[in-house]
Each structure stands twice: as structure tokens, then as C-alpha cells.
Ligand code: PMP
Ligand code: GLU
């Protein structure tokens, strides 16, 4: 615990909430969280489940009905062949991520992470006692992954590679070539792969989602993470899952049995309905797309700001060239002078210097106002 920090994204979100409670007029784009309500069908199913006294422990891995529904979803939508024995339902995707790192990493192991990356990867690796090895991707290259970059960082101690696709914070979506390169690399070096696919439904400009767990040669070494936080606007419900070879799931189940026990019963029951909410998810995606364009067009019109269009997820990850300021200095300056809360790119590790992350899962009026204030600040 001494080697690892807290989560900067969670901490900054809390800071925004606190400032607002104290009456400070700020606009917060720190947290990545859908601004939609959970679909009605899911809410109704939860109320019914409580009325039916669906309020006891479930089996540690999750209810059979939900695990079967997840297995069907993975087969039909992702091409991942997994039985219900390979699925563990967790309170959000984060505990599934944490379990995978705690169960398969130990002192002496190295875990590769494509950066800029979700900060909890680094923290979990360090908590497990392993070494964090960033593979920095380049802003100028659109954060493209190549086999050479991966080969440069691999050693005989490398045990695992974590891939977030679509990526938080960069918005990069893996192409078929990148997917192939990662798969070949994992096979050549006998690595476990964590595929964090929590943003899979939020893709733009005709892109398609490709799952590492669907590549036949590596399917037994991929732990796919997903959940309903983003796809069904259910962050507070805490529903996520891991899908893997049953042999890996049996190991992670030991941690679940001894720590969380199980995910809340009625939320599991209600979640089944969320897998049939494709229309609601698509409406959310279209709305995020409009807001992506609003924020990118607005920011790119400001001198010194370069904001690539996110290929997926709901973050603008942009570079600001202003008086030689670092990412930290920029974020502080933006909060202090413009009252806009953003995350410095360095919170996501190597490759984030000079960059700022802003969630565009926020109402249009706030986004427009933020662009106006940033224009005044940097213009
Ligand atoms: N992975 C990534 C990349 C995320 O952005 C998030 C959302 N914070 C999570 C995992 C965790 O999701 P959940 O809220 O379901 O725990
Ligand atoms: N997905 C969010 C983010 O990246 C929530 C915070 C977190 O889980 O770290 O901001």
C-alpha cells in the first residue's frame, strides 16, 4: 500500500463534489461517468426483485441466470466463447480488475501497461507487489500500438499486459492490425492479457469493437473485463464481470469468496434486463458523439490547443501549449482562473505530459461554457 497512491480520477471527482457543496461555482469534467439515467426497465426489475425478497447472498461467482446472460452476450456480440464457469460477477468492473491483478501478479513480476492509462492499473500492480512497466504511446501517432514498442519493454520477468480498448483516457480504438500484433506478442512471450472493454459500446465514426478474447490462439490467456457502468449508465449499481478460461476464474473466485462474497442480489437480477437495452445505449452513444464534436470543434479553435477526435469512450484528451506549463500546472491554472475542473494528463502516466482530460459526458450548456472560459484563458 505504501508504494501505491490513491486514484487521481476518484479524488478529483470528490474534490469537485466538495467544492460545489461549499457553493464554489465550478464546472467539473473530472469524472468519467454517464450523465444519463439508468433505463426504466432495469429500475423496474430491481424494484420487483426487492419485492420478491431477492435480498440474500447469491453464489460467489454470481447468479446462474446472470452469468448465462453474460456468456450469451459475449458469444453473440464479441465472438468470445466462454462458459458460465468462466464468468465472475463483481460489484463494478473495478473489483474484477483488482482481482485479476492480485491473483496473477506477485513480487518479481512485471506488468506492461499501454499508457496514457486508467490510473487504477498502476495502483493495482503496485499493490500486488509487482513492477509497473509503462509502454508509452505517442499523441502525434494517435496513440497507435506497434509490436516494436511492446518488444522494447518486454523482459523474461514480464507476466501480464493490460489493454484498455476503447481507451480511457485517449479514446483510441484498436485496429485489426494492432489487435493481431498484441495477440502475437502475448503468445510469443507467454503473457496473460487483461482486456478492459468497459467502453466497447461507445465507438464513433463507424468503428467496430474487436475483442482480444475472441482471437482463438490466445483465448485461454485473456481475462476480459466489462460491466454495465458505461453501457447502461449504471455506475452506482456496481455491476461488472470478468470472463476468462474457467481455470483462471477458479483462482479469482477464491479472492471473491474471501473478500466481497458476492455482488448484491437484486442488482444482479435487475441487470439481466440491461442486456436488452441496446436502443437506450445507442441513443446515449449518439448523444456523446454530438458532444464530442462540440467540444473538439470548440477547443481546436483556441490557439495552442490540439484536440483529436476521440475514436471511442467519452473523453477529450487534448494538448495545450501555453507558457511552457506542465499538465499539472495547466490543470491548476484552469481550475483557479476559469473554474473548470479537469484531470492533468500525467495522472494517466507516461505520454500524458502537456495534456488535459475532460469528460464530455456532461450537459451541452456546461461544455459550451467550459469552451468559452478556456478560450478566454488561452486565447
Ligand atoms: N476501467 C476503466 C477504463 C474505467 O474507465 C472504469 C470506470 N471508472 C472502470 C474500469 C471501472 O468501472 P466500474 O465503475 O464498473 O467499476
Ligand atoms: N471512469 C471514471 C474515470 O476515469 C471514474 C473514476 C475511476 O473509476 O477512476 O474518471
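The values are calculated or read from the model by the stated rules, or taken from the named source; none is laboratory data. In this text, all values refer to a predicted model and were calculated from it rather than measured experimentally. A quick note on method: Cβ atoms are made from the backbone with ideal geometry, for glycine too, and the neighbour counts reach across all protein chains shown.
If we scan the range 105-113, do we find a residue that is in contact with a helix residue (DSSP H, G or I) (Cβ under 9 Å, 6 or more places away or on another chain) and either at pLDDT below 95 or assigned to a helix (DSSP H, G or I) (or both)?
No, because not a single residue in the range 105-113 is in contact with a helix residue (DSSP H, G or I) (Cβ under 9 Å, 6 or more places away or on another chain) and either at pLDDT below 95 or assigned to a helix (DSSP H, G or I) (or both).
Please work out if residue 262 is buried (at least 17 other Cβ atoms within 10 Å of the Cβ), without any contact (Cβ under 8 Å) to a residue 60 or more places away in the chain and over 27 Å from residue 182 (Cα atoms).
For residue 262, the condition - buried (at least 17 other Cβ atoms within 10 Å of the Cβ), without any contact (Cβ under 8 Å) to a residue 60 or more places away in the chain and over 27 Å from residue 182 (Cα atoms) - is not met.
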Note to self: Test of understanding: among 347, 264, which residue is within 16 Å of ligand 2 (Cβ to nearest atom), at negative phi and at pLDDT 95 or above?
What the structure shows: 347
Next item on the list: Report, by residue number, each residue of the range 304-340 that is more than 16 Å from ligand 1 (Cβ to nearest atom) and under 28 Å from residue 205 (Cα atoms).
Entry: 304, 305, 306, 307, 308, 309, 318, 319, 320, 321
Notebook entry, point to check: Can you tell me which residues in the range 296-334 are part of a helix (DSSP H, G or I) and within 16 Å of ligand 2 (Cβ to nearest atom)?
Noted result: 327, 331
Item checked: Matching residues in the range 206-224 - criterion: being closer than 18 Å to residue 168 by Cβ and surrounded by fewer than 24 Cβ atoms within 10 Å (Cβ to Cβ) -> 207, 209, 210, 211
Check: Has the range 212-234 got any residue that is modelled with pLDDT of 95 or more, within 22 Å of residue 281 (Cβ to Cβ), in contact with a strand residue (DSSP E or B) (Cβ under 8 Å, 6 or more places away or on another chain) and more than 15 Å from ligand 1 (Cβ to nearest atom)?
Finding: yes
Check: What are the residues in the range 161-192 that are within 29 Å of residue 318 (Cβ to Cβ), crowded, with 24+ Cβ neighbours inside 10 Å and more than 16 Å from ligand 1 (Cβ to nearest atom), if any?
Finding: 182
Item checked: Criterion violated by residue 26 - all others in (1) touching a strand residue (DSSP E or B) at 6+ places or on another chain (Cβ under 6 Å); (2) modelled with pLDDT of 95 or more satisfied -> (2)
Notebook entry, point to check: Among the residues of the range 194-205 satisfying the criterion of being farther than 22 Å from residue 267 by Cβ and surrounded by fewer than 23 Cβ atoms within 10 Å (Cβ to Cβ), which is nearest to ligand 1 (Cβ to nearest atom)?
Noted result: 203
Item checked: Scope the range 236-259; condition part of a helix (DSSP H, G or I), away from ligand 1 (no atom under 14 Å from the Cβ) and crowded, with 17+ Cβ neighbours inside 10 Å; matching residues -> 248, 249, 252, 253, 255, 256
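In the range 206-235, which residue that is more than 16 Å from ligand 2 (Cβ to nearest atom) and part of a strand (DSSP E or B) is farthest from the chain's Cα centre (by Cα)?
222
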Next item on the list: Consider residue 134 carefully, then state whether it is under 24 Å from residue 354 (Cα atoms) and in a strand (DSSP E or B).
Entry: yes
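For (1) under 17 Å from residue 213 (Cβ atoms); (2) within 16 Å of ligand 2 (Cβ to nearest atom), each residue gets a yes or a no:
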position: 120; (1), (2): no, yes
position: 147; (1), (2): no, no
position: 152; (1), (2): no, no
position: 156; (1), (2): no, no
position: 165; (1), (2): yes, yes
position: 174; (1), (2): yes, no
Note to self: Yes or no: the range 85-104 includes at least one residue that is part of a loop (DSSP other than H, G, I, E, B), away from ligand 1 (no atom under 16 Å from the Cβ), surrounded by fewer than 23 Cβ atoms within 10 Å (Cβ to Cβ) and touching a residue at least 60 places away in the same chain (Cβ under 8 Å).
What the structure shows: no
Next item on the list: Could you grab me the full set of residues in the range 6-36 that are assigned to a loop (DSSP other than H, G, I, E, B) and either within 16 Å of ligand 1 (Cβ to nearest atom) or under 17 Å from residue 169 (Cα atoms) (or both)?
Entry: 6, 7, 29, 30, 31, 32, 33, 34, 35, 36
Checklist line | Residues (out of contact with any strand residue (DSSP E or B) (no Cβ under 8 Å at 6 or more places or on another chain) and buried (at least 16 other Cβ atoms within 10 Å of the Cβ)) located in the range 328-345 | finding: 333, 338
